[in-house]
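*Asks:* Got a structure for you, written out below as C-alpha cells; questions coming shortly.
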Amino acid sequence: MDSVPTKPRRSLVDRLKDIDRRVIFVFIAVAVIIPMVWPIGLSLKASPPSRALFREVESLPRGSVVLMAFDYDPATEIELGPMCLAFLKQCFRKGLKVVGLALWPQGAQLARASFSEAAKGYNVRYGVDYVNLGFKAGGIVVIDSLGKDFRESFPVDVDGRPLSDLPLMKKVKNFADIDFVMALSAGDPGLPFWIMIAQGRFGRKVGGGCTAVSAPMLYPYFPNQLVGLLGGMKGAAEYELLVGEKGPATRGMDAQSIAHAAIVFFIIIGNVFFFISKRKQKLMGARA
Amino acid sequence: MLTRASVSFAGRRLLHLSMCVLAGSLVLCCQALCQSPPSDTPPFPATNLVAKDTPDDDGGSITLSWTLSADDSGGKNDVIGYEVRRSKDPNGPFETVKSVSKGTSGVTDESKVENDAGYYYQVVTKDVGSETPSTVFGPIQAGVQWFNLGRLNTLIVTLIYITLLLYFIVQAKKGAKLFIRRIAGLDALEEAVGRATEMGKPILYVPGISTISDVATIASLNILSGVARTVAEYDTRIIVPNYDPIVMTVAQEVVREGFLAAGKPEAYNEQDVFYVTSSQFPFVAAVDGIMVRERPATNLFIGMFFAESLILAETGASTGAIQIAGTDAVAQLPFFIAACDYTLIGEELYAASAYLSRAPLLLGSLKGQDWMKMFLIGCILIGLITLNAGYDGFKSLFDIPLTIFR
Amino acid sequence: MTLETFDTTFGLWIGALLTLCIFSFLYKDNPFYRFAEHLFVGVSAGYWLVYNYWNIVKPNLIDPLAARRWQYLLPLALGIFMLTRLCPKIGWLSRWPIAFMIGSGSGLMVITYLQSNFLEQIKSTLVPLDPSGQPWYVLANNLILLVGVVSGLVYFFFSKAHTGVTGGVARIGIVFLMVSFGASFGYTVMARISLLIGRLYFLLHKCAGFI
Amino acid sequence: MRRQVPLLICFVAGIVMLAQSFIPPLTWFYTNALAWARIIACIALFIGLISLVRLHTTKIKRKSANWQFSMITLCALGYMMLAGLLTRYGFFIWLHGKCVSGSTGDGFVTVLENAFNFQDIFLNVQIPIQATMFSLLAFYIASAAFRAFRARTLEATLLLIAATIVMLGRVPIGQMIPGISEITTWILDVPNTAAKRGIMIGVGLGMTSTALKIMLGIERTYLGMKD
C-alpha cells in the first residue's frame, strides 16, 4: 500500500527560520512592558544641558518661586510629562514654590494631573506651595503681560479662585518676583517666546524641556539664553536620573533599549538559521 | 556804562540762576536715584536705514534694513526692540507699521502699502523707558515687477527640460527606436495578476492616500489602467479602496475603461472601486480588514504613502499575498522594500506608464528625462571644477531665489 | 462621582477597550477588531465631513457668497459639476473640475520640484574638494557624497541597459540606496517603539493604575 | 465638449500656474486655485459619503459576510453627522433656554448634550484607536526586520548591517558599544544623504515630466481615455 503523501516534515531549523510573527509580537510586547513595570535604569549619562538645569535648580534657595509653563498637549505627553514630574519633585523636595500656567488649551488639565501626582509623598499644599493658573490664549502677548502683572492675564486660577485668595500669589506680582522659569513646550507658542520675553526682556533665568523632534532647533540657545534643556524622552530620563527618581522616562528609555535589543536579536537569529538551512540544503544537494 | 546797582542786580540774578540749576539738578538726581536702576538714557539709534521696493513681487510691499543700535547686543545692551514707522510726509506724523524684537535688522512692510506712492520710513530704537528715532529715509515707492528675476534660473531649467522632452517626443513620433531598461517590479505585474487568477482570488489595488492634485496619484492611476485591463482579460476581480472621493471617481472611470478595452464591460462592478474615509488610520484599519477577510492573492500599493505603508505591507505579507509597491515618498521606501516582493523606487513609478504601454510618446519623454540627468551631472562637474578653482559664481547660479541681479 | 469625572473615567475606559480591540488584531482578525474598525471608519468619515463643512465650506464658500462676493460662484459651479458624477447622464461634466485640479496641481508641481529636487540638490552637491585647508575625512566624505549622488542617478537611467560601465556605476548606486534604506529603517525604529510605549503607558498607568 | 474641454481646462490651468511663478501679478491665481481646489475637494466628499453608504447598505441588504458590522459604520457615521450639526447650531443652548433651569427637563438636556458631544467622541473613540493603529507599527517594524534582513545578497547584507548599526546607535544599550554613535551619525549624514539626493532628483524629474505630459494632454489616462 502506498503511503499517504504527507507534508514533508520541516526541520526545527526551518521552522525557527520562519517563526510565526506572533512570537515576535509577544517578545516585543514583553520587551517593552517588563522594563516599564520594573525599570532597570540602564547606563545613561546626563548630558551637559540636563546637568546644568539640575544644578541651577539645586542652587535656588528655599522658598524661591518657579514659574512653570505647560505648553503641550496629550499627544506629546509621553515625552514632556515625565520631565514635568521629575522637575516638580525636585522643586517640592527643595521647598521651592511653583506657579503653573499653560499657553496650550489642554496644558491646564495636564498641569492639574502632574501637580497632584508629583505632590504625593511631599508635604505641599495647593495655594501655598503651588498654584495652577490655567490656560490663557494669546501666546507671546500673555508672556509679555506677566512682566507687568500676573493678574492681567490670570485674574483667577484654573478653578476660578481669585488670586488674592491664594497665599502664594500674594507675593507674586510680576516677573520680578519669579526666580526661575521652566517652560515645557511641544511647539508654538512655546520655549522660543519664553526665551525672547522672560529672558530677553525681563532677564529671568529660563530652562526648558522640549520634544526630541524640536531639540536640535533649541540646543543653540544653550547655555547663553537657556540655563538648561531637556530633549525628548532621553532628556527626561536623564533628569530622572539626576533627581534620583526612576520615573516613566527611565522606564521608557529602558523599554526602548530592550526593544531595540530584541529586534537585533531576532535579526541575528533569523540570519543564523538562514545560514544553517542554506548549508544543509547545499549538503543535501551534494548528496543527491 | 554799568552802575553798581545794575552789577549787583546781575550778580543776584547769576546767583539765583545757579541756585536754580543746582536745585534742579538735585531734583533730577533724586528722581534718578528714586527710579529703578539703570539710569534711563535713551539708547543709541539704529543707523544706515535703507528702504527699497521688495523685489520680484506684485507690489504692496517695501523691504527695510538697518544697522543695529550700538546698545543692542553691545553697549548697555538694554534695547528691547524696534518700531518701524511710516509716513507720506517727511515731517510726519509717523505711524507705527511694525514692531520687532531686539537683534532684528530688517523687516518687510506689507501693511496697506499703496503702489507708486512715496513713503518715508523711520526706525525707532526702544529700551524700557525711552526711545530714539533714526534718520528718516525716503521717499520710496512700492511697485509691480512683471518678471520674477529671482526665478530666472528655474525658468531656464524648465525651458531646457520642456525642450528636451518635446524633442525626444517628436523623435519618437517620427519612429525612432527607443530602448527601455528592465524594471523588475513592472515585469512582475502580469505574473501577479496571473497568480490571482489561478488561485481564484481578487487583486487589491491601493492608489495611495493623497489627492488628485498629487502627480504620484496620477502615475498610480496610469498603472491602474494597465492592471485593470489585464485583470479583465484574466477574468479576475479587482478591489480598489479609496482615500479621496475624487481619486475614487477617476479610479472608477479608469477601471471601467480597462474592462471596456478588454471587451468585458459587463464584468465591471462599480462597488469594487469605493470610498473608505479620508483619514489615514481608519483607512488603513479598513484596508487591513479587507486583506485578512477577502485574502487577495496580490496586493498593489502604488502612489503616495505615509507612515501607514508598513502596516499595510506587513498585514499583506501575513496573508501570503504577492506584493508590489511603488512610491516616491522617500521616507516610506525602506518599509516597502523590506515587506514587499517588488518595489518601484521613486522615478520608476513615473516610468511605469511608458513601460507598460510602450507608447512611443511616453518612451520619448523617458529619454528626455535621462538627458536631463546627464545635464545635471554635467552641471555638477562644471560646478565642482569652477568651485575648486576658487570661483563660486557658477554655484550661485543655483541659488533660490537668484540674487545675482540684486 | 461628579458628572465630569464620570465622563473622563468613562472616556478612559472606552479608550482602553478600543485600544485592546485594535491590539487583538495582532493575534488574528476577530469580531472585536471588526467592531473597532467599523466604528472607526464611521466616526472618522462623519467627523471629516462635519469638520470640512464647518472649517472649509462654510467660511470659504458659503460666507463669501452670502456677502455677495460673486467670484466664489466659480468654485461653487465647479463643485456642482463634480457632483454630476452622481447622475450618469451628465457625469462627464465632473471631468471639468477634475481637469482643473489636475492641471493646476501639475503646473505647481513642475516649478516646486524643479526648484527643490533639481536646482537645490545640485547646489548642495557642489562641495569643496580642495585637499588643502580641510581635514582628510571631510574631503573623503565629500567625495563619497558625490559618488553616491552620481551613481544613484545612473541607476535611474531608463534608456540605457544596465550593462558594462553603466551597469557597474548603477550597481554602486544600488549599494548606496540599500545603505540608505537600512539606515532610515533603523532610524525609524525608535519613533515607532515610542508610540507603543505611549500606548502601553496609557493602558498600564492611566487606565489600570499600574506603574 | 466631453474630451476637448477638460483637456483645454487642464492645459490652461497648468500654464497659468506655471506662469504665475515667474510673473508676480499673476500670483492671485495661485492663492485662488488652491482655495478652489480645497472647496471642490470638500464638496466631493459628498460623493464619498454616497459611495460609503451605498457600499454598506448593499452589504446589509445582501446579508454578505460581516454585514452586521456595516450597521456599526452607518450608525457611527449618522451619529457623528448629527452630533456635529446639533452642537454647532447651538441647538442645545436653544433647548436649555426652553427648559426652566434646574427642572428635570434641563437635566435631561444636559445628559443629551453630553451624549451628543462631538468633541468627546473624537477624543475618546477616534484618538485612542488612531494612536493604537499607529503603534501597531512597533510590532510590524520588528516582524518586517526579522523577515527581510537576511544576508542573502550583497545588497541585502548592506541593508541589514546599516539598519542594525543605526538601530543600536540610537539607544543607551547600544551606545555602550564604543564608536557606534559616530558610525551612526556618519551613515546618516554621508551615504544616506547621497542616496536620498539621488532618489529625490529622479523623483523630481519623473514627476515634472509626468506633470508636463499631463498639461500637454499626452498623458490623459485620468480622463478615462487612452490613445
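*Asks:* Condition test on B:Tyr161, is it touching a Gly at 6+ places or on another chain (Cβ under 9 Å), open to solvent by less than 10 Å² (accessible area, probe 1.4 Å), of a type in the set (Phe, Trp, Tyr) and more than 10 Å from every other protein chain (Cβ to nearest Cβ)? Break it down into steps so the answer makes sense when it comes.
*Replies:* Numbers: touching a Gly at 6+ places or on another chain (Cβ under 9 Å): yes; open to solvent by less than 10 Å² (accessible area, probe 1.4 Å): yes; of a type in the set (Phe, Trp, Tyr): yes; more than 10 Å from every other protein chain (Cβ to nearest Cβ): no.
Criteria not met by B:Tyr161.
*Asks:* Here's a follow-up. Among (1) among the aliphatic types (A, V, I, L, M); (2) within 12 Å of chain D (Cβ to nearest Cβ); (3) in contact with a Cys (Cβ under 9 Å, 6 or more places away or on another chain), where does B:Ala354 come up short?
*Replies:* (3)
*Asks:* Note down all Cβ pairs under 6 Å where the first residue falls in segment C:173-198 and is at negative phi, the second is among the acidic types (Asp, Glu), and they're at least six residues apart or on different chains.
*Replies:* C:Ile174/D:Glu155; C:Met178/D:Glu155
*Asks:* Something else about it: Scan segment A:98-124 residue by residue and report those that are in contact with an Asp or Glu (Cβ under 6 Å, 6 or more places away or on another chain) and either within 16 Å of A:Glu58 (Cα to Cα) or charged (D, E, K, R) (or both).
*Replies:* Answer for segment A:98-124, where residues must be in contact with an Asp or Glu (Cβ under 6 Å, 6 or more places away or on another chain) and either within 16 Å of A:Glu58 (Cα to Cα) or charged (D, E, K, R) (or both): there is none.
*Asks:* Please determine whether any residue of segment B:68-90 is in a helix (DSSP H, G or I), modelled with pLDDT under 85 and either within 22 Å of B:Tyr119 (Cα to Cα) or among the charged types (D, E, K, R) (or both). Don't jump to the end; show me each part of the working.
*Replies:* Start the filter on segment B:68-90 by keeping residues that are in a helix (DSSP H, G or I), which leaves none.
The answer is no; no qualifying residue exists.
*Asks:* Of all residues in segment C:154-168, which are buried (at least 17 other Cβ atoms within 10 Å of the Cβ) and not in a loop (DSSP other than H, G, I, E, B)?
*Replies:* Residues satisfying the conditions are C:Val154, C:Tyr155.
Conditions tested, residue by residue: (1) among the polar types (S, T, N, Q); (2) open to solvent by 30 Å² or more (accessible area, probe 1.4 Å); (3) more than 7 Å from chain C (Cβ to nearest Cβ).
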site: D:Ile15; (1), (2), (3): no, yes, no
site: D:Asn66; (1), (2), (3): yes, yes, no
site: D:Leu77; (1), (2), (3): no, no, no
site: D:Leu82; (1), (2), (3): no, yes, yes
site: D:Lys98; (1), (2), (3): no, yes, yes
site: D:Asp106; (1), (2), (3): no, no, yes
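*Asks:* For segment B:66-91, name all the residues that are of a type in the set (S, T, N, Q) and open to solvent by 40 Å² or more (accessible area, probe 1.4 Å).
*Replies:* Answer for segment B:66-91, where residues must be of a type in the set (S, T, N, Q) and open to solvent by 40 Å² or more (accessible area, probe 1.4 Å): B:Thr67, B:Ser73, B:Asn77, B:Asn91.
*Asks:* Tally time: how many residues in segment D:14-72 are over 30 Å from B:Asp272 (Cβ atoms) and not in a helix (DSSP H, G or I)?
*Replies:* Number satisfying all stated conditions: 1.
*Asks:* Look through segment D:22-34, keep the residues that are closer than 30 Å to C:Leu86 by Cβ and open to solvent by less than 30 Å² (accessible area, probe 1.4 Å), and return whichever of them is farthest from the other protein chains (Cβ to nearest Cβ).
*Replies:* For segment D:22-34, the residue satisfying everything is D:Phe29.
*Asks:* Please state which of the following conditions A:Asp20 fails to meet, knowing it meets all the rest: (1) touching a helix residue (DSSP H, G or I) at 6+ places or on another chain (Cβ under 8 Å); (2) open to solvent by 10 Å² or more (accessible area, probe 1.4 Å); (3) over 16 Å from A:Glu238 (Cβ atoms).
*Replies:* Here A:Asp20 clears every test but (1).
*Asks:* Looking only at segment B:121-134, count how many residues are open to solvent by 40 Å² or more (accessible area, probe 1.4 Å) and either modelled with pLDDT of 90 or more or in a strand (DSSP E or B) (or both).
*Replies:* Summing the residues that are open to solvent by 40 Å² or more (accessible area, probe 1.4 Å) and either modelled with pLDDT of 90 or more or in a strand (DSSP E or B) (or both) in segment B:121-134 gives 3.
*Asks:* Given the criterion at pLDDT below 90 and more than 28 Å from D:Leu159 (Cα to Cα), identify the matching residue among A:Gln281, A:Gln225.
*Replies:* None of the others qualify; the one that does is A:Gln225.
*Asks:* Scan A:Gly285, A:Gly235 and give me the residue that is without any contact (Cβ under 8 Å) to a residue 24 or more places away in the chain and small (Gly, Ala, Ser).
*Replies:* From the options A:Gly285, A:Gly235, the qualifying one is A:Gly285.
*Asks:* Can you name the residue in segment D:1-11 that is open to solvent by 30 Å² or more (accessible area, probe 1.4 Å) and facing chain C (nearest Cβ under 7 Å) and, of all such residues, is farthest from B:Ser213 (Cα to Cα)? Break it down stepwise before answering.
*Replies:* We begin by selecting, within segment D:1-11, every residue open to solvent by 30 Å² or more (accessible area, probe 1.4 Å); these are D:1-5, D:8-9, D:11.
Those still in the list that are facing chain C (nearest Cβ under 7 Å) too: D:2, D:5, D:9, D:11.
Working: D:Arg2: 21, D:Val5: 18, D:Ile9: 14, D:Phe11: 14 Å.
Among residues in segment D:1-11 that are open to solvent by 30 Å² or more (accessible area, probe 1.4 Å) and facing chain C (nearest Cβ under 7 Å), the one farthest from B:Ser213 (Cα to Cα) is D:Arg2.
*Asks:* While we're looking at this one, here's another question. Hey, among the residues in segment B:297-314 that are open to solvent by less than 10 Å² (accessible area, probe 1.4 Å) and within 11 Å of chain D (Cβ to nearest Cβ), which one's nearest to B:Val330 (Cα to Cα)?
*Replies:* Of everything passing the filter in segment B:297-314, B:Ser309 is nearest to B:Val330 (Cα to Cα).
*Asks:* Moving on to the next point. Hey, does segment B:194-208 have a residue that's open to solvent by less than 50 Å² (accessible area, probe 1.4 Å), closer than 19 Å to B:Ser357 by Cα and modelled with pLDDT under 95?
*Replies:* Among the residues of segment B:194-208, at least one is open to solvent by less than 50 Å² (accessible area, probe 1.4 Å), closer than 19 Å to B:Ser357 by Cα and modelled with pLDDT under 95, which makes the answer yes.
*Asks:* Could you check segment A:111-139 and list, in sequence order, the residues that are open to solvent by less than 20 Å² (accessible area, probe 1.4 Å), touching a residue at least 40 places away in the same chain (Cβ under 8 Å) and in a helix (DSSP H, G or I)?
*Replies:* A:Ala111, A:Ser114 - these are the residues of segment A:111-139 that are open to solvent by less than 20 Å² (accessible area, probe 1.4 Å), touching a residue at least 40 places away in the same chain (Cβ under 8 Å) and in a helix (DSSP H, G or I).
*Asks:* Would you check if C:Ser151 is open to solvent by 10 Å² or more (accessible area, probe 1.4 Å) and either in a helix (DSSP H, G or I) or at pLDDT below 90 (or both)?
*Replies:* The answer is no for C:Ser151.
*Asks:* Exactly one of (1) closer than 30 Å to B:Cys379 by Cα; (2) open to solvent by 50 Å² or more (accessible area, probe 1.4 Å); (3) in contact with a Leu (Cβ under 9 Å, 6 or more places away or on another chain) is unmet by B:Lys177. Its number?
*Replies:* Every condition holds for B:Lys177 apart from (3).
*Asks:* How many of the residues making up segment C:118-136 are under 20 Å from B:Phe375 (Cβ atoms) and open to solvent by 10 Å² or more (accessible area, probe 1.4 Å)?
*Replies:* Summing the residues that are under 20 Å from B:Phe375 (Cβ atoms) and open to solvent by 10 Å² or more (accessible area, probe 1.4 Å) in segment C:118-136 gives 5.
*Asks:* Now for a separate question. Kindly indicate the residue of segment B:369-389 that is open to solvent by less than 30 Å² (accessible area, probe 1.4 Å) and more than 26 Å from the chain's Cα centre (by Cα) and also nearest to the other protein chains (Cβ to nearest Cβ) among those meeting that condition. Before you say what the answer is, go through the steps one by one.
*Replies:* Let us first name the residues in segment B:369-389 that are open to solvent by less than 30 Å² (accessible area, probe 1.4 Å), namely B:369-370, B:372-373, B:376-380, B:383-384.
Subset that is more than 26 Å from the chain's Cα centre (by Cα): B:378, B:384.
Details: B:Gly378: 10, B:Leu384: 6 Å.
Ranking the qualifying residues of segment B:369-389, first place goes to B:Leu384.
*Asks:* How about segment C:185-197: which of its residues are within 7 Å of chain D (Cβ to nearest Cβ) and open to solvent by less than 20 Å² (accessible area, probe 1.4 Å)?
*Replies:* Listed by number, the residues that qualify are C:Phe185, C:Gly186, C:Val189, C:Ile193, C:Leu196.
*Asks:* Within segment A:140-181, take every residue that is of a type in the set (S, T, N, Q) and part of a helix (DSSP H, G or I) and give me the one that is nearest to A:Pro216 (Cα to Cα).
*Replies:* For segment A:140-181, the residue satisfying everything is A:Ser145.
*Asks:* Here's another thing I want to ask about it. Under the condition of being open to solvent by less than 10 Å² (accessible area, probe 1.4 Å) and not in a helix (DSSP H, G or I), which residue from segment A:182-204 is farthest from A:Gln90 (Cα to Cα)?
*Replies:* Selected residue: A:Gly190.
*Asks:* Quick check on D:Glu219: is it modelled with pLDDT under 95, more than 8 Å from chain C (Cβ to nearest Cβ) and buried (at least 24 other Cβ atoms within 10 Å of the Cβ)?
*Replies:* Spelling it out, D:Glu219 is indeed modelled with pLDDT under 95, more than 8 Å from chain C (Cβ to nearest Cβ) and buried (at least 24 other Cβ atoms within 10 Å of the Cβ).
The values are calculated or read from the model by the stated rules, or taken from the named source; none is laboratory data. A quick note: this is a predicted structure, and the numbers were derived from the prediction, not measured. Virtual Cβ from ideal backbone geometry, glycine too; neighbours counted across all protein chains shown. All accessible areas refer to the heavy atoms of the entire protein, side chains included, with ligands and DNA or RNA removed. Shrake-Rupley method; radii C 1.70, N 1.55, O 1.52, S 1.80 Å.
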